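Visitor: This is the structure, below, for whatever I ask next.
The values are calculated or read from the model by the stated rules, or taken from the named source; none is laboratory data. Not measured: the values here are computed from a predicted model. As a convention, Cβ positions derive from the backbone with ideal geometry for all residues, glycine included, and neighbour counts pool all protein chains shown. Accessible surface areas use protein heavy atoms only, side chains included; no ligands, DNA or RNA. Shrake-Rupley method; radii C 1.70, N 1.55, O 1.52, S 1.80 Å.
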Amino acid sequence: MTRLCTTEGLTEDQSEILKAVRAFVDKEIIPVANELEHADEYPTEIIEGLKELGVFGLMIPEEHGGLGESLLTYALCVEEIARGWMSVSGVINTHFIVAYMLMQHGTPAQKEKYLPKMATGEVRGAFSMSEPGLGSDVSAISTKATKTDDGYEITGQKMWLTNGATSTLVACLVKTDEGADSVYKNMTTFLIEKEAGFGETAQGVTVPGKIDKMGYKGVETTELVLEGHKISADQILGGEPGKGFFHMMDGVEVGRVNVAARACGLAWRGFELAVEYAQQRKTFGKAIAEHQAVLFRLAEMATKVEVAHTMMVRAARLKDKGERMDVEAGMAKMVASEYANEVVEDAFRIHGGYGYSKEYEIERLMREVKFMLIGEGTSDIQKMIIGRQLLKEYKL
């Protein structure tokens, strides 16, 4: 165990799970991450190993074949995985959000149908809210489900699906006509089943191809095109239309804890690489770690890693206690993502010219960490959420 990113008050089971995940990361992920990332190759063997560890079913209740663990346990595992390779934690993240939404809002039949297979990774989830012209304005979604005699027909285009091709179940937010005054009450989440792969993966469902990205490689990010996709009312999450926005926001809230955990893992790894390199690299007759400028930088980096980790843990524990934590999740996500970028950039600076070489791991981290500023809402969005809630609580 290292000094950084330790968590007090864990049970023996939690500690054993984290120990197993960390050992897997050190042995199976870190040694191959750079090669797979540079080739933009899906980490099939790594994913199979995580299935065997039970990571896909960490929070799924035991009666549905999962481990029944807490959000905290899950977040700490994600932190460990992101420390090895952030893309792998992305594979887990969207699957987890869909499973969480089913656990919280699914009908008994939906839970029975999907959760046991999601716990083993046989069914893999993707989360679809955004659209090509949408950005952060969820109220502007245009993908629409129209009622038919035997269900609904969905037409529209969704964007930025992590696991878009490898998933077989997509939680998809669309417009429905519920006659409500609020646009947010005229949205419904459908559970869309499809085959894994690209092209037409179900009737009226097409995954065109993966989007080429600056970082976050290995895991695919895709569009989802829906052209008259026929779906039954049984596939509405929770069985009742008009609640999709609120279901999605619940999923996004825990997703923000997840992204905070991923950012913590990146920052942690950035510090590890920097402190190791700073002791090996010598200038002017001594290791650069002994130069005050580098020493101070390492101290600041470690402090940021600890602050981000502590805030992430607090948000997860509040959720586990059943308390409202939108402010804490927003704070954790904002701080962790901003600090991760600062820590990784400092690690890059410490590496000097070698940091610009693809032979060094820090080059990959520099590209990956930028996604943390965007995923599950930008820092500006987090500030809006935090600020509005604080004004309510501190209203004169």
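Visitor: When you go through L273, L318 one by one, which is the residue that is within 30 Å of G125 (Cα to Cα) and open to solvent by 10 Å² or more (accessible area, probe 1.4 Å)?
Guide: Working: L273 fails: within 30 Å of G125 (Cα to Cα).
One residue alone meets the criteria, L318.
Visitor: Find the residue count for the range 48-64, including only residues that are part of a loop (DSSP other than H, G, I, E, B) and either out of contact with any Ser or Thr (no Cβ under 8 Å at 6 or more places or on another chain) or over 14 Å from D13 (Cβ atoms) (or both).
Guide: The total comes to 3.
Visitor: Hey, among G265, G251, which residue is surrounded by 24 or more Cβ atoms within 10 Å (Cβ to Cβ) and at pLDDT below 95? Outline the logic, then answer.
Guide: Working: G265 fails: at pLDDT below 95.
Unique residue meeting the criteria: G251.
Visitor: Within 28 Å of G9 (Cα to Cα) and modelled with pLDDT of 95 or more - does that describe any residue in the range 124-143?
Guide: Among the residues of the range 124-143, not one is within 28 Å of G9 (Cα to Cα) and modelled with pLDDT of 95 or more, which makes the answer no.
Visitor: Looking at (1) closer than 30 Å to D137 by Cα; (2) buried (at least 17 other Cβ atoms within 10 Å of the Cβ), which is the only condition D346 fails?
Guide: Of everything listed in (1) closer than 30 Å to D137 by Cα; (2) buried (at least 17 other Cβ atoms within 10 Å of the Cβ), D346 misses just condition (1).
Visitor: Do we find that T378 is out of contact with any Pro (no Cβ under 8 Å at 6 or more places or on another chain), open to solvent by 30 Å² or more (accessible area, probe 1.4 Å), at pLDDT 95 or above and among the β-branched types (V, I, T) in this structure? Please lay out each step first, then the result.
Guide: Values: out of contact with any Pro (no Cβ under 8 Å at 6 or more places or on another chain): yes; open to solvent by 30 Å² or more (accessible area, probe 1.4 Å): yes; at pLDDT 95 or above: no; among the β-branched types (V, I, T): yes.
Taking the combined requirement at face value, the residue does not satisfy it.
Visitor: Of all residues in the range 276-302, which are surrounded by 14 or more Cβ atoms within 10 Å (Cβ to Cβ), within 30 Å of R256 (Cα to Cα) and of a type outside the set (D, E, K, R)?
Guide: Scanning the range 276-302 gives L298, M301, A302.
Visitor: For residues in the range 216-233 being of a type outside the set (F, W, Y) and in a loop (DSSP other than H, G, I, E, B), which is surrounded by the most Cβ atoms within 10 Å (Cβ to Cβ)?
Guide: Only one residue fits best here, namely V219.
Visitor: Restricting attention to the range 80-102, which residues are open to solvent by less than 10 Å² (accessible area, probe 1.4 Å) and among the charged types (D, E, K, R)?
Guide: Result: E80, single match.
Visitor: State all residues of the range 147-185 that are in contact with a strand residue (DSSP E or B) (Cβ under 6 Å, 6 or more places away or on another chain) and either within 13 Å of I236 (Cα to Cα) or exposed (fewer than 13 other Cβ atoms within 10 Å of the Cβ) (or both); if no residue qualifies, say none.
Guide: Passing the criteria: G151, Y152, E153, I154, L169, V170, A171, C172, L173, V174, K175, T176.
Visitor: In the range 239-263, what residues are basic (K, R) and assigned to a loop (DSSP other than H, G, I, E, B)?
Guide: Within the range 239-263, K243 is the sole residue that qualifies.
Visitor: So is T201 open to solvent by 30 Å² or more (accessible area, probe 1.4 Å), at negative phi and not aromatic (F, W, Y) or not?
Guide: Values: open to solvent by 30 Å² or more (accessible area, probe 1.4 Å): no; at negative phi: yes; not aromatic (F, W, Y): yes.
No, not satisfied.
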